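Have a look at the structure below before the remarks.
The values are calculated or read from the model by the stated rules, or taken from the named source; none is laboratory data. Being a predicted model, the structure only gives us computed values, none of them experimental. Glycine also receives a Cβ, built like all others from the backbone with ideal geometry; neighbour counts cover every protein chain displayed. Protein only, heavy atoms only, side chains kept; ligands, DNA and RNA dropped before computing areas. Shrake-Rupley method; radii C 1.70, N 1.55, O 1.52, S 1.80 Å.
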Amino acid sequence: MTKADIVNLVFEKVGLPKNDCQDIVESVFDTIKHTLIEGESIKVSGFGTFNVRKKGSRVGRNPKTKQEVEITPRRVVTFKASDHLKAAIEKM
Amino acid sequence: MTRSVLIEKVTEKVEGLTKKQVETIINTVFEGMKEALAKGEKIEIRGFGNFRLKIREGKTARNPKTGEKVQVPPKRAIHFKVGKPFHDALNRAEN
């Protein structure tokens, strides 16, 4: 499934012009993104939670050359599926 | 932020739609994504990230306390990988 498939689902459901559907879907993911960039987590009930975690610096190794490199401190996004979503994927 | 705040924010951003309409759209988006994952499909959202299923095989494990054998059933887990532009934006804002 790609963003275009999601746009199609919305288009079939609400019958708005396709361009509008595209803008709205874009806006949904944009809003989620910006909220996370600001460091706030997002909970979508029935789907899951997106969190931002800070990771400190650590030493990594290039597995090919075995050379040690410093992995810089960074922020990562984690996603935790809700129980509802977990149940849906176990049923398949 | 919760689903209801997300609905409010998106309603402010896009013009000419009621909160009710935006609610229907957002529910359609997440319901659609859930169904795709339930079918075993992978989801790719450019600029945001990918969702895919990780299949964990069942195995025989041991209770470390009693040494008793226990059967661990196979599991499906969802893995989210953040997209490169999003990851970069997260870390640019930080510095």
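(1) within 7 Å of chain A (Cβ to nearest Cβ); (2) open to solvent by less than 40 Å² (accessible area, probe 1.4 Å); (3) free of Cβ contacts under 8 Å to residues at least 12 places away in the same chain: which one isn't true of B:T11, the others all being true?
Failed condition: (1).
Taking B:T28, is it surrounded by 18 or more Cβ atoms within 10 Å (Cβ to Cβ) and more than 27 Å from A:I89 (Cβ to Cβ)?
Details: surrounded by 18 or more Cβ atoms within 10 Å (Cβ to Cβ): yes; more than 27 Å from A:I89 (Cβ to Cβ): no.
Here the answer is no, as B:T28 does not meet what is asked.
Tally the residues that are in a strand (DSSP E or B), open to solvent by less than 100 Å² (accessible area, probe 1.4 Å) and either among the aromatic types (F, W, Y) or touching a residue at least 12 places away in the same chain (Cβ under 8 Å) (or both), restricting the search to region A:60-77. Let's see the steps before the verdict.
Initially, region A:60-77 is screened for residues in a strand (DSSP E or B), giving A:60-61, A:68-71, A:74-77.
Then drop every residue that is not open to solvent by less than 100 Å² (accessible area, probe 1.4 Å), which leaves A:60, A:69, A:71, A:74-77.
Cutting the leftovers down to either among the aromatic types (F, W, Y) or touching a residue at least 12 places away in the same chain (Cβ under 8 Å) (or both) gives us A:71, A:74-77.
Looking only at that region, the number is 5.
Can you tell me how many residues in region A:36-50 are at the interface with chain B (Cβ under 7 Å from one of its Cβ atoms) and open to solvent by 60 Å² or more (accessible area, probe 1.4 Å)?
Residues flagged as at the interface with chain B (Cβ under 7 Å from one of its Cβ atoms) and open to solvent by 60 Å² or more (accessible area, probe 1.4 Å) within region A:36-50 amount to 3.
Could you list, in sequence order, the residues of region B:34-48 that are touching a residue at least 12 places away in the same chain (Cβ under 8 Å), in contact with a helix residue (DSSP H, G or I) (Cβ under 7 Å, 6 or more places away or on another chain) and either open to solvent by 10 Å² or more (accessible area, probe 1.4 Å) or more than 7 Å from every other protein chain (Cβ to nearest Cβ) (or both)? It would help to see each step written out before you state the result.
Taking region B:34-48 and keeping what is touching a residue at least 12 places away in the same chain (Cβ under 8 Å), we get B:37, B:40, B:45-48.
Retained after the next criterion (residues that are in contact with a helix residue (DSSP H, G or I) (Cβ under 7 Å, 6 or more places away or on another chain)): B:37, B:45-48.
Hits for region B:34-48 are B:R46, B:G47.
Contact list please: Cβ distance under 7 Å, first residue in region A:20-45 and modelled with pLDDT of 95 or more, second residue of a type in the set (S, T, Y) and surrounded by 18 or more Cβ atoms within 10 Å (Cβ to Cβ), pairs at least six apart or on different chains.
As it stands, the answer is A:I42/A:T35, since those pairs meet every condition given.
Is there any pair linking a residue in region B:81-92 that is crowded, with 16+ Cβ neighbours inside 10 Å to one that is in a helix (DSSP H, G or I), with Cβ under 8 Å and at least six apart or on different chains, and which?
Sorted first by the residue in region B:81-92, then by its partner, the pairs are B:V82/B:L90; B:F86/A:K33; B:A89/A:K33; B:A89/A:I37; B:L90/A:L36; B:L90/A:I37.
Would you point out the residue of region B:1-38, among those that are acidic (D, E) and more than 15 Å from A:V10 (Cα to Cα), that is nearest to the chain's Cα centre (by Cα)?
Taking region B:1-38 as the starting set, the residues that turn out to be acidic (D, E) are B:8, B:12, B:15, B:23, B:31, B:35.
If we keep only those that are more than 15 Å from A:V10 (Cα to Cα) too, we end up with B:8, B:12, B:15.
Values: B:E8: 21, B:E12: 24, B:E15: 27 Å.
Top of the filtered list is B:E8.
Output the residue which, of all residues in region A:1-35 that are more than 23 Å from B:M1 (Cβ to Cβ) and in contact with a strand residue (DSSP E or B) (Cβ under 9 Å, 6 or more places away or on another chain), is least open to solvent (accessible area, probe 1.4 Å).
By that ranking, first place goes to A:M1.
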